[in-house]
1. Rank-order 17-23, 189-195 by packing density, defined as the average count of other C-beta atoms within 10 Å over each peptide's residues, highest first.
2. Roughly how many nanometres apart are two label points built 7 Å out from the Cα toward the Cβ at His138 and Thr174?
3. Using only the Cα atoms, what convex hull volume per residue in Å³ does the stretch 70-161 have?
4. Please sort 123-129, 25-31 by packing, taking for each peptide the average over its residues of neighbouring beta carbons within 10 angstrom, highest first.
5. Grab the alpha carbons of the stretch 56-118, take their convex hull, and tell me the volume per residue in Å³.
6. Please compute the net charge surrounding Asp103, taking Lys and Arg as +1 and Asp and Glu as -1 over other residues with Cβ under 15 Å from its Cβ.
7. Computed FRET efficiency, Cβ-Cβ of Arg156 and Thr221, R0 41 Å: what is it to the nearest 0.05?
8. Report the Cα centroid-to-centroid distance between the stretch 177-219 and the stretch 117-152 in angstrom, as an integer.
Amino acid sequence: MAPLPDPDLLRPETALPGRRLSELSEQAVRCTPGCCGASTTVTDGGDEHPTAVTHPDLAGLVAVQLRTGDGPIPAAEERGTPVDSGDLLREERWPEYRALALDSGVRSSVTLPFQRAGLTVTLTLFGFRPRTLDDARHGPAQALGDLATASLVRDRHYRAALTELDQMGTALRTRPVVDQACGIVMHVLCCEADAAFSVLRRISQTTNRKLADVAAALVETKGRGLEHELVSLAR
């Protein structure tokens, strides 16, 4: 019977991407017969490509693929379907990856891609012998990859929600100061609230300062000495 997933894989708030990738790699090796090691990667299409491996020798196999854009990992990311090689000794694709794999004693590999909500996770399983991973794509590793990918997406949404809450909290804390600053501008320029806010925003943009900092400085001086500048910006 395959081992149960680590409970930490179910907790979005507890794990960074690197930890999730490491857990996925380690559990996939334990539950896949004939597997001697594994690597995992995740990307959202940007420059970042976090990676985890179960053995240091496998890091080079991942690195050469990411550097050259040639190998089972790039191919699986592009196609969205598993990419395998039953016997790398007879493989004609991916010359650099193939040579390095054989030099490391790896004879077979299969890369499983998992795509969800803009993220692509790859799980690559390696074997010391040819044809030992032919059934891996239908085994427990597939379920583990699905679970880990869903968890990474939840992690991302969780962190995005925290960021949004923090921004909302900052906005709520600074809103009274901004309102006071708008009141001062309205008094100096005899204008409406929308026009006053536009002036504050223009000051923020031209001075490369946060709107809240501009407002706080204006409230502190009560607008004294800034009448001419405010008038010029309102034109």
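1. Values: 17-23: 19.3, 189-195: 12.7.
Top of the packing list down: 17-23, 189-195.
2. So the label points at His138 and Thr174 sit 5.8 nm apart.
3. Working: hull volume 8.9 nm³, N = 92.
Measuring per residue, one finds 97 Å³ for the Cα hull of the stretch 70-161.
4. Result, highest mean first: 123-129, 25-31.
5. Numbers: hull volume 5.4 nm³, N = 63.
Per-residue hull volume (Cα only) is 85 Å³.
6. Values: positive: Arg98, Arg107; negative: Asp57, Glu91, Glu96.
That sum, taken over residues with Cβ under 15 Å, equals -1.
7. Working: r = 43 Å, r/R0 = 1.05.
E(calc), rounded to 0.05, equals 0.45.
8. Going from one Cα centre to the other spans 55 Å.
Just so you know, all these numbers are worked out from the coordinates, no wet-lab data involved. On a predicted model such as this, the values are computed, not experimentally measured, just so you know. Ideal geometry is used to build each Cβ from the backbone, glycine not excepted, and the neighbour counts take in all protein chains shown.
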